[in-house]
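Reviewing the structure listed below.
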Amino acid sequence: MGLPGTGKTYLAIALELKAVSLGYGILVTTVNRMLKDLYISRAGNSYQQKLKKIRQCGLVDFR
């Protein structure tokens, strides 16, 4: 959180690039999108697979 132009997005992208260079997976999403995807996966019986995929990520970036 902070004022516009203070480097929040720049810092997030720098951390993501470092994580990728170290071999970590990254998930970039919004909270609303993740909750919607999880809700839909419950109806389609793929909830556990979706959670496993999220847990395998080394970094989750909520935009």
Contacts under 8 angstrom Cβ, first residue in segment 45-57 being within 20 Å of Leu15 (Cβ to Cβ), partner open to solvent by less than 60 Å² (accessible area, probe 1.4 Å) and of a type outside the set (S, T, N, Q), 6 or more apart: Ile54/Leu27; Ile54/Met34; Ile54/Val60; Gln56/Gly25; Cys57/Gly25; Cys57/Ile26; Cys57/Leu27
Of all residues in segment 27-47 being of a type outside the set (A, V, I, L, M), open to solvent by 80 Å² or more (accessible area, probe 1.4 Å) and not in a loop (DSSP other than H, G, I, E, B), the one that is farthest from Leu17 (Cα to Cα): Arg42
Pairs where the first residue, in segment 1-20, is within 16 Å of Val60 (Cβ to Cβ) and the second is among the β-branched types (Val, Ile, Thr), C-beta under 7 Å, 6+ apart: Glu16/Ile26; Ala19/Ile26; Val20/Ile26
Selection status of Leu15, open to solvent by less than 70 Å² (accessible area, probe 1.4 Å) and not in a loop (DSSP other than H, G, I, E, B): no
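The values are calculated or read from the model by the stated rules, or taken from the named source; none is laboratory data. These figures come from a predicted structure and were not determined experimentally. All Cβ positions, even for glycine, are placed from backbone atoms using ideal geometry, and neighbour counts span all protein chains on display. Side chains included, ligands, DNA and RNA excluded: accessible areas come from the protein's heavy atoms. Shrake-Rupley method; radii C 1.70, N 1.55, O 1.52, S 1.80 Å.
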